[in-house]
1. Is it the case that residue 66 is in a loop (DSSP other than H, G, I, E, B) and either at pLDDT below 80 or under 16 Å from the mean Cα position of the chain (by Cα) (or both)?
2. In the set 277, 264, which member is at pLDDT 90 or above and either aromatic (Phe, Trp, Tyr) or within 14 Å of the chain's Cα centre (by Cα) (or both)?
3. What tally of residues in segment 197-214 results from selecting those that are under 10 Å from residue 268 (Cα atoms) and buried (at least 18 other Cβ atoms within 10 Å of the Cβ)?
4. If the Cβ limit is 7 Å and pairs must be 6+ apart or interchain, which residue in segment 125-141 that is more than 12 Å from residue 161 (Cα to Cα) pairs with which residue that is acidic (Asp, Glu)?
5. For residues that are within 15 Å of residue 98 (Cα to Cα) and surrounded by 18 or more Cβ atoms within 10 Å (Cβ to Cβ), scanning just segment 163-179, find the one that is modelled with the lowest pLDDT.
6. Across segment 190-218, what is the number of residues that are in contact (Cβ under 8 Å) with a residue 60 or more places away in the chain and among the basic types (Lys, Arg)?
Amino acid sequence: MQTETINRFLDPAVLAGISSLDLVAKTVVDGFLAGLHRSPDFGFSQEFAEYRAYTPGDDLRQVDWNVFARTERPYLKRYRGETNTALMLLLDASASMGFGSTAVKKFDYARYLAASLVYLAHLQRDSTGLIVFHDQVANVLQPSARQGQLVRLLHGIGEAQLGKRTDFRRPFHDLQRILKRRGITVLISDFFEAPETIVKTVEPLRFRGNELILFHILDPAEIAPKLSAPALFVDMETEDAIETSPDYVGGEYRHKIAAHIEGLRSKAQAAGIDYFLLRTDRPLDEGLREYFTIRRGRL
């Protein structure tokens, strides 16, 4: 019975029905942590803590009571070293992120992901910051582990508004200015830009010893669109329009989007940058569990 509960991942539509971003983050992270009986280690870096679900007979002195207070689940906490990772989240708020063919638009899914990562970092007492951007930098919260930072971050994520076009250079210019030490940068976007441009823009952070993670957010209709008759497609950022046909979206377009995804994945990995694709119809707790399982295998 317990296994059935753990495997019942959260449909994104369920998250869309939760009014509080704080509760969304707690719900996702709790679902993610519930799978630690199969994936006992997680974290962004080798400095992060490792957690294991409590089993009868374990020393209660090793239980992380802060995590228990938030999740009502007992976990044992072990350290590889002092856990004080600086995590920066970059959230793309360009107009194309407002697209959605399911119950959850890309921007909402990206916000759920950002909130969950912020909450997870908070549980591990890590310094966390936020940059919301489109063709301008809309909001900057410098990394901090001070009391109240979680509330500030969730507010910043929840209040973010869509702009127009995407300019990846803007947030990375600000990021290099505010970073005081090496850390981890997470970029959440639909990445409708040439893979070469994206990697060339973010790669300098790697040269300074920082770690980068690209979370690629796409709607299922962007990956495998279905069209029964000719239609006019309008670019949400440029407002350029193009007439297309069922044959095109079912053939050439699908090859192009698959090539774009693979190009970004391969170029990012060649540059030592993590890449992970998340469809907006995929349960977020399931996606996070897969990502951290893959990540743990590389450490």
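1. Numbers: in a loop (DSSP other than H, G, I, E, B): no; either at pLDDT below 80 or under 16 Å from the mean Cα position of the chain (by Cα) (or both): yes.
When the stated conditions are applied, residue 66 does not pass them.
2. Numbers: 264 fails: either aromatic (Phe, Trp, Tyr) or within 14 Å of the chain's Cα centre (by Cα) (or both).
After ruling out the rest, the residue left standing is 277.
3. The total comes to 6.
4. Here the result reads 131/174; 135/167; 140/174, each pair linking segment 125-141 to a residue that is acidic (Asp, Glu).
5. In this case the residue turns out to be 166.
6. Within segment 190-218, the subset in contact (Cβ under 8 Å) with a residue 60 or more places away in the chain is 190-192, 195-196, 198-199, 202-203, 206, 211-218.
Of the ones still in play, those that are also among the basic types (Lys, Arg) are 206.
Looking only at that region, the number is 1.
Per-residue answers, yes or no, for (1) assigned by TED's automatic domain parsing to the domain that holds residue 10; (2) within 15 Å of residue 227 (Cβ to Cβ); (3) β-branched (Val, Ile, Thr); (4) free of Cβ contacts under 8 Å to residues at least 24 places away in the same chain:
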site	(1), (2), (3), (4)
240	no, no, no, yes
243	no, yes, no, yes
247	no, yes, no, yes
271	no, no, no, no
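The values are calculated or read from the model by the stated rules, or taken from the named source; none is laboratory data. No experiment lies behind these values; they were computed from the predicted model shown. Quick reminder, even Gly has a Cβ in these numbers, built from the backbone with ideal geometry, and neighbours come from all protein chains shown.
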